[in-house]
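Worksheet: one structure, shown below.
Quick note: the coordinates plus some simple rules give every number you see, no bench work behind them. In this text, all values refer to a predicted model and were calculated from it rather than measured experimentally. Here Cβ is always computed from backbone atoms with ideal geometry, including for glycine, and neighbour counts include all displayed protein chains.
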Amino acid sequence: MDWQVLVTALALVFVIEGIIPFANPSRWRRLVATIAEVPDQHLRMMGAISMLIGLIILYLVRS
């Protein structure tokens, strides 16, 4: 694997993750407070679904 590609992907994750708190910090605080109230099981399910969607997109792009 080319390390430059991996580091580029990681950098893009940081950029995308930073868009909402940069653009609208007060809304970001409300979102984080809401997420803090969600049960662990729901958060795990959302994380698993997110990873699955990412893997499917990665597979489709790379094949």
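With the requirement that a residue be under 17 Å from the mean Cα position of the chain (by Cα), closer than 21 Å to V5 by Cα and of a type in the set (A, V, I, L, M), what does segment 26-63 give you?
M51, L52, I53, L55, I56, I57, L58
Applying the selection to segment 6-63, what residues are surrounded by 10 or more Cβ atoms within 10 Å (Cβ to Cβ) and polar (S, T, N, Q)?
Hits for segment 6-63 are T8, N24, S50.
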